[in-house]
């Protein structure tokens with residue numbers, strides 16, 4: 001039976017987790033375009049927490065920027081198992097592509113803020129590509145296993161295509177066009193090349 005101290009600590013940890021999530025979401029929105037020069041105080045107000053709460057977790061503005069970016073990256077990568085559990089591999093992949101475009105738009109919007117992190121000596125992009133490739137590999141492998149997707153396209157090739165779409169048509173006003181481009185990419189991933197006749 002848990003002690004009374006354990007029972008008291010659980011909600012505190014849950015509140016702390018929710019506070020951290022609110023802070024990171026507010027920071028990502030601000031640094032991605034709403035207010036790239038937002039102060040810690042403004043982000044705290046937006047998140048509904050005290051300034052001390054932010055500084056307890058993120059001692060510098062650069063630490064907060066990096067954490068906000070990594071949170072966005074983790075959200076898109078960690079979505080894969082749930083998407084595959086709820087939908088067929090092709091539907092899951094197409095849904096993930098939409099999430100990726102949103103992530104990339106946020107990342108591009110945070111460009112100036114992330115450059116400040118790099119200037120401070122940290123690399124916010126460390127392992128980003130590896131994480132995204134791993135997420136895509138899971139989706140492609142699931143589609144290959146049930147015969148709905150080609151098995152001959154490396155995940156990194158798909159990632160480069162997705163990045164190009166996000167850069168060219170990732171803004172909110174371009175989402176309809178981005179959707180058409182993503183559908184074209186999905187068609188290419190379903191396409192089966194004709195078997196070469198034996199010579």
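Points to keep in mind about this one:
- Screening residue 108 on (1) without any contact (Cβ under 8 Å) to a residue 60 or more places away in the chain; (2) within 15 Å of residue 28 (Cα to Cα) shows it passes everything except condition (1).
- Checklist (1) surrounded by fewer than 14 Cβ atoms within 10 Å (Cβ to Cβ); (2) assigned to a helix (DSSP H, G or I); (3) modelled with pLDDT under 95 applied to residue 187, failing item: (3)
- Among the residues listed as 129, 192, 115, 180, the single one being under 18 Å from the mean Cα position of the chain (by Cα) and loosely packed, with under 14 Cβ neighbours inside 10 Å: 129
- Enumeration of residues in the range 165-177 that are surrounded by 14 or more Cβ atoms within 10 Å (Cβ to Cβ) and either within 16 Å of the chain's Cα centre (by Cα) or not assigned by TED's automatic domain parsing to the domain that holds residue 89 (or both): 165, 166, 170, 171
- Some residue of the range 124-141 being in contact with a helix residue (DSSP H, G or I) (Cβ under 6 Å, 6 or more places away or on another chain), modelled with pLDDT under 95 and not in a helix (DSSP H, G or I): yes
- Hey, residue 37 loosely packed, with under 15 Cβ neighbours inside 10 Å and not assigned by TED's automatic domain parsing to the domain that holds residue 170 or not: yes
- When residue 49 is tested against (1) surrounded by 15 or more Cβ atoms within 10 Å (Cβ to Cβ); (2) part of a helix (DSSP H, G or I), just one condition goes unmet, and that condition is (2).
- All positions within the range 142-152 that are buried (at least 17 other Cβ atoms within 10 Å of the Cβ) and in a loop (DSSP other than H, G, I, E, B): 149
- Check on residue 32, under 19 Å from the mean Cα position of the chain (by Cα), within 20 Å of residue 124 (Cβ to Cβ) and at pLDDT 90 or above: no
- Given (1) modelled with pLDDT under 95; (2) in contact with a helix residue (DSSP H, G or I) (Cβ under 8 Å, 6 or more places away or on another chain); (3) over 21 Å from residue 170 (Cα atoms); (4) not in a loop (DSSP other than H, G, I, E, B), index of the condition residue 38 fails: (4)
- If you go through the range 78-95 and keep only what is under 21 Å from residue 167 (Cβ atoms) and surrounded by 21 or more Cβ atoms within 10 Å (Cβ to Cβ), you end up with just 93.
The values are calculated or read from the model by the stated rules, or taken from the named source; none is laboratory data. Since this is a predicted model, take the numbers as computed values, not measurements. Neighbour counts run over all protein chains shown; Cβ positions are idealised from the backbone, glycine included.
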